[in-house]
Structure formats: C-alpha cells, structure tokens
Amino acid sequence: MKKMDRNQMAARVARDIPEGAYVNLGIGLPTLVANHIPPGREVLLHSENGVLGIGPKPAPGKEDADLINAGKEPVTLLPGGSYFHHADSFAMIRGQHLDFCVLGAFQVSVSGDIANWHTGAPDAIPAVGGAMDLAMGARNVLVMMEHLTKSGESKLVERCTYPLTGARCVSRVYTDLAVIDIRPDGLHVVDMVEGLDLAELQRLTGVPLKRQ
Amino acid sequence: MINKIVPSLEAAVADIRDGSTILIGGFGTAGMPSELMDALIAQGAKGLTVVNNNAGNADAGLAALIAAKQVRKIICSFPRQSDSWHFDKAYRAGELELELVPQGTLAERIRAAGAGIGAFFTPTAYGTLLAEGKETRRINDRDYVLEHPIHADYALIKADRGDRWGNLTYRMTARNFGPIMASAAKCTIAQVRETVELGQIDPEAVVTPGIFVKRVVRTGAAA
C-alpha cells in the first residue's frame, strides 16, 4: 500500500469538481485542489474575503497586496471575476449558493460532524474564521485530511472529541488512503489506494465501513 | 456646501473618546486603515472595543494599537495567526478580552446594525461552543442561533477614492468589511488614496454612498 501525497489527494478531489461549480477551498491542504482542476474545465473559485473567479498564483513580482485570498496569499482574478464586500461574500456561503467547499479537519464523525477549528486545549487561542459558515452553508461539504493522526489514530471517529465546527454536514471525506461517503446508513468506501483492501482499511479506521 | 473632506488624519480622529467601540476595516493587511491607526495611537484614546476580522498582523495598523495598550476588548473571527504576536502577548497576559465570532456572523452582525435589524437567526455555529448560552429556534426543520447587531461609535476604513460628499470606491479585495462597517457606525471615517471632484466617480460604480460616511481624509500624494 502506498499512501497518497498531498498533490495526489488534491488531484483526487479535483476529479469530483464538475464544470460550472462554485467552490470555496479552505486554507492549507484544500488550496492545492486549485492546481489540479483540468485545463478547460470552468470552475469558479470563491474566497471568503470577497472574491469570485480566482485565477492562478501571480508570477513573482506581480503580487498585489490588495488582491489576496482567505489565507492572505496573493492571488489573481480571472476575466469575469468579481469583488464584493464581506456580507455579500457570506451571503454566497450562508445562502447556500456555493456548490462545494473543501475543508481540512482534525476529526470527522460517522454522522458527518466536523471538528477543525479548535483543539480545546486550555492554553490555545481559538480562531474560527469562516469554517462554521462554510460547514453550514455550502451545498456539499467535502473534507480532505490524512486518514490517521501522527500517533496512528483514525481521524474518522464515532463521535468527535474536539469541539465541533458543524454538525451532520460532511458528505464526503478524501484521505491519503481512501474516499469515503457519509450517508444516513453509515460510511461507504468509494475507492482506496492501490494495495489496500477493505479489511486493512477497516482495521485502521475503527468505525464500521461498507464497500460501495 | 457639504464638505466631508477633513484636512488631516489628526483632525479625522480628534474626537474619539476613551471607551469607544470602533469598527476597523481590513482583512489581514488588505484594507487595513493603517494611517488612521497611527493617528489614533498618537491621539491616545484608551479602553477601546475594536471589531476587525483579525487581531492585528505584524507590527503596524491594529497590531500597533494593541501594542500601545489602547484596546480593552476585541471582537473578531480569527485572532491567532503566525504574525499576531502583539495580540497573543496581551491576551495571554489577561489584558485583553476576546469575543470570538464566526466570520459570516461577524459580517452579518455588522450589516444588521447598519440596516436597522434588531437581531437575526443564523444556522452558523448551531451545536458548537460558539452558540453556548444563545437562544436557538427550529425553523422549517433547520436549527438556528439568535445573533445581535454590532453597533459602533466609529468606523475607521480604507477606501480607494472618495469625494466631498463621502462617496467611496475600493480596490480589489481591500473592499472586504469597508462598506458594511461604514453603515454600522455613528461616525464613519474613511482614509482614501485619492480625493476627487463630485461626479468623477461614476454613479454606477459608487460602492459606499456618501450617506454612510462622515469624514474623508486623503493619505496619498495630492493629485
């Protein structure tokens, strides 16, 4: 079995984003999905700070401090793109106008709860940003995360132990081992990396899995 | 003749009192009214409640206001960042109160204040720590949390162009909170790169109509 690297995971997510979709990519790992949308497929990328139609990264020296994404990285705007204020930007999110958001996560539960904003540690300074709005507002909430923690525990869990970002909102999880749908009757494995079988994936995951 | 253009940054912030609530525009450094922040630091008002998406980046703008110990409370969505060291230090020292609000709820609470909304129900944060103790309601099979507007004494924002009636345009994603903050404060002060004559901003392109703005101050070189 060979785990997927970050770019392979991003490419796998990108395969599922269809032509014409309005998509918000979370900070960090999900941002990589943008690099794997096939040329010619028109997908409109949204960012919370007030931009729709994000283009490729600017060339070195062409960055503009006024044109950034939610991760505060310099971006470009495609012809046809637009700028808008924060309440409009979150009306797009909370008004269920986005087809997809892709979020990172600490944990996802079998019922589709997501925890990704706060470890709950007493000395941690919490920060939430737009995560709770995206979790509640996007029509399809996709999660991209490593299957296991550094110490080998499954990040797919019966019930999240970290504070929740949103309840019952995640529809599909992309890990470095598998793609798993979350449905009312449980977790369905859509596909797995080469060399991995359901028994081994089940052993690593801990919560019950079904083969689609 | 209406003339909202004030001659200096100092004059623009001169009447801000200790204990004021101030909406500060910007997302990170894009749209941060750093020159107005510097003027407010020189002016010295203390015990401020500030509202911004973040809690300061690096050493300028809001970060400098926090470092100057003029802030008592911050209402924001994303305080912790790699360069929020002034906030982190003051927060850990117990010198600053933090009210953490989901970003869309923050925007909508500001918009609601500007639009005269008494309160609103949103699904965001339902079932999470950030909704603890708040009124909830089930409407058409969905659960919502009751949220209240954020009114302010002042809004300090950064725009691109402004005229003497207070009409404003913005530049790219530096627009962010500017238009909604302008509507939510009793006194909105906009720093602009350039001041222009009435009519020079295409009325189809005015983003913030002047009714929401009390003072305009130019930070760029004279045209």
Item to check | Residue count, region A:58-108 (criterion: over 19 Å from B:T124 (Cβ atoms) and assigned to a strand (DSSP E or B)) | outcome: 11
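Does A:P18 qualify as being at pLDDT 95 or above and out of contact with any Asp or Glu (no Cβ under 6 Å at 6 or more places or on another chain)?
Numbers: at pLDDT 95 or above: yes; out of contact with any Asp or Glu (no Cβ under 6 Å at 6 or more places or on another chain): yes.
For A:P18, the condition - at pLDDT 95 or above and out of contact with any Asp or Glu (no Cβ under 6 Å at 6 or more places or on another chain) - is met.
So which residues in region B:82-107 are farther than 25 Å from B:H151 by Cβ and touching a Gly at 6+ places or on another chain (Cβ under 8 Å), if there are any at all? Steps first, please.
Restricting attention to region B:82-107, the residues satisfying the condition of being farther than 25 Å from B:H151 by Cβ are B:82-86, B:88-89, B:92-94.
Selection gives B:S84, B:H86.
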Item to check | Options B:G162, B:G127: the member that is farther than 22 Å from A:G71 by Cβ, touching a Leu at 6+ places or on another chain (Cβ under 8 Å) and within 12 Å of chain A (Cβ to nearest Cβ) | outcome: B:G127
Next on the checklist: Go through region A:111-137 and report how many residues are farther than 16 Å from A:R159 by Cβ and either open to solvent by 10 Å² or more (accessible area, probe 1.4 Å) or not aliphatic (A, V, I, L, M) (or both).
Outcome noted: 14
Item to check | Which numbered condition B:A60 misses (of (1) more than 13 Å from every other protein chain (Cβ to nearest Cβ); (2) open to solvent by 40 Å² or more (accessible area, probe 1.4 Å)) | outcome: (1)
Next on the checklist: Take the residues in region A:42-56 that are assigned to a loop (DSSP other than H, G, I, E, B) and touching a helix residue (DSSP H, G or I) at 6+ places or on another chain (Cβ under 9 Å); name whichever of them is modelled with the lowest pLDDT.
Outcome noted: A:P56
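Take B:Y170 and decide whether it is modelled with pLDDT of 95 or more, surrounded by fewer than 24 Cβ atoms within 10 Å (Cβ to Cβ) and within 11 Å of chain A (Cβ to nearest Cβ).
no
Scanning for something closer than 27 Å to B:R72 by Cβ and either in a helix (DSSP H, G or I) or away from every other protein chain (no Cβ under 13 Å) (or both), does region B:137-147 turn up at least one residue? Reasoning before the result, please.
Taking region B:137-147 first, the residues closer than 27 Å to B:R72 by Cβ are B:145-147.
Imposing the further condition that a residue be either in a helix (DSSP H, G or I) or away from every other protein chain (no Cβ under 13 Å) (or both) reduces the set to B:146.
There is at least one residue in region B:137-147 that is closer than 27 Å to B:R72 by Cβ and either in a helix (DSSP H, G or I) or away from every other protein chain (no Cβ under 13 Å) (or both).
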Checklist entry - What number of residues within region B:179-223 are within 21 Å of B:G61 (Cβ to Cβ) and part of a strand (DSSP E or B)? => result 14
Item to check | Verdict on B:I74 being assigned to a helix (DSSP H, G or I), without any contact (Cβ under 8 Å) to a residue 60 or more places away in the chain, over 17 Å from B:V217 (Cα atoms) and β-branched (V, I, T) | outcome: no
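The values are calculated or read from the model by the stated rules, or taken from the named source; none is laboratory data. Keep in mind it's a predicted model, so treat the numbers as computed, not measured. Using ideal geometry, Cβ is built from the backbone for each residue, glycine included, and neighbour counts are taken over all protein chains shown. Accessible surface areas use protein heavy atoms only, side chains included; no ligands, DNA or RNA. Shrake-Rupley method; radii C 1.70, N 1.55, O 1.52, S 1.80 Å.
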